[in-house]
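Please treat every number below as a calculation from the coordinates, not as lab data. Predicted model only: the values in this text are computed from it and were never measured. Positions of Cβ are backbone-derived with ideal geometry, glycine not excepted, and every protein chain shown enters the neighbour counts.
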Ligand SMILES: *[C@@H]1O[C@H](CO)[C@@H](O)[C@H](O)[C@H]1NC(C)=O
Ligand SMILES: *[C@@H]1O[C@H](CO)[C@@H](O)[C@H](O)[C@H]1NC(C)=O
């Protein structure tokens, strides 16, 4: 992103080629132009969940993998972490040239809604990170969708955190509008928690259009091996339960590995009209072999090459043999309706139907952009008291503030962002008006 020092306006570098048609939503399905789009993808996080790296900032990594992804037959990858301060032009172009869309999680180890202190972590530093990521990524026409969160709720004890994930979704939607960024679909990727999987899906899709998600993702490991089936896995029940769900949904992770090697027989159901009236495909977990043994390929010690594993060959064979249904696959084309916001049940479901106001200090981003992206090393949003620790304040270059509300914590103005005086005064004015006025 570049700033004009005169006007303080953002000019986006246009991407060199735009081979892929941006994905849009109609009813409960995705479309590429007039063709229904099913996610046939892979979760792409070399390094694994414990040591994830941005795979799209380095052509030595993405260039190593993209030809094999293309050969596998995927049309999408999900990336859990990127370094928003890095340049992604080259890898995004390589993906585009290979016919592959990106589904992007906007969080990093330093920037996320925390389960322990969700309300405190929902602050202006967090939103600066999220918005800054959108500023630099939304120019890519093959960016299919954002995940505002992944498995933030992962049992029955932390359901309250969903409130702040949904507030983030609302703020992201508002930010796209205010900054005139392309309306990239925004969703949430849910853990498969039997006690509340229905509630989280309904919750995320409840409320006014500017608060609810555009789509919903499920991480689902219930189909284990060739002995499973549409019925044994419980997929049939999920189709039943989510029939009538107003927005697209897909399996944001699948590929149970209890009976290796995996044969991926679930592909036959996922791209069958048994499911495609409700589900829009899915993402296999995951590209590289890590300690938890879900890999399709193994990366060499020097990181320079990959070896295709049996699971890769099996998945490739399934993709080849199982086409998408013809036509619209049973999708509902009429505008999807919102779900009812689920009632609170103590110890089961405790998210608030009415969302917190956006932290007022984030309002300036709507008028002037989020500034230099924070990247992986910027000041964290995850302080546990009412204000960020001093070191974080310093690294953010912000003026010290002695306030008690998390919403009033100092805005971490990154160096050299808001160069024009006019921009600064508009931040102050917008800040005085408060976040709600901008929504
Ligand atoms: C389907 O919905 C029912 C009723 O809400 C619930 O009890 C059941 O667990 C759900 N099944 C699945 C597979 O989600
Ligand atoms: C589709 O559903 C029918 C009826 O439930 C079932 O018998 C069949 O095995 C299913 N096929 C696939 C590929 O899921």
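Placing a label point 7 Å from the Cα of residue 313 along the Cα-to-Cβ line, the residues of the stretch 245-286 whose backbone N sits under 16 Å from it are 260-264.
For residue 273 and residue 301, the FRET efficiency from 1/(1 + (r/R0)^6), where r spans their Cβ atoms and R0 equals 60 Å, is about 0.85.
Dividing the C-alpha radius of gyration of the stretch 201-353 by 2.2 N^0.38 Å, with N its residue count, gives 1.20. For the stretch 116-161, rounded, prolate or oblate, judged on the Cα gyration tensor with a ≥ b ≥ c (square roots of eigenvalues), a/c < 1.5 rounded, else prolate if a/b > b/c? Verdict is oblate for the stretch 116-161. Our summary gives the stretch 111-263 a relative contact order of 20 percent, counting only alpha carbon pairs under 8 angstrom and 6 or more residues apart. Answer rounded, prolate or oblate for the stretch 77-201, using the Cα gyration tensor with square roots of eigenvalues a ≥ b ≥ c: rounded when a/c is under 1.5, else prolate when a/b is larger than b/c, else oblate. Taking the square roots of the gyration eigenvalues as a ≥ b ≥ c, the stretch 77-201 is prolate. Take 270-282, 221-233 and order them by the average number of nearby Cβ atoms within 10 Å per residue, most first; the result is 270-282, 221-233. Using 0.36 nm per residue and subtracting the Cα-Cα separation, the extra length available between residue 180 and residue 227 on full extension is 12.0 nm.
Packing order of peptides 291-303, 170-182, 146-158, highest average first: 146-158, 170-182, 291-303 (average count of other Cβ atoms within 10 Å over each peptide's residues). A Förster radius of 22 Å, combined with the Cβ-Cβ distance separating residue 344 from residue 209, puts the computed FRET efficiency at roughly 0.45. Hydrodynamic analysis of the stretch 161-238 uses the Kirkwood radius over alpha carbon pairs. Inserted into Stokes-Einstein at 10 °C and 1.306 mPa s, it gives a translational diffusion coefficient of 112 µm²/s. Taking only the Cα atoms of the stretch 132-288, the radius of gyration and Dmax are 16.3, 51 Å.
Each peptide in 26-33, 304-311, 59-66 receives the mean, over its residues, of other Cβ atoms within 10 Å, and ordering these scores from highest gives 26-33, 59-66, 304-311.
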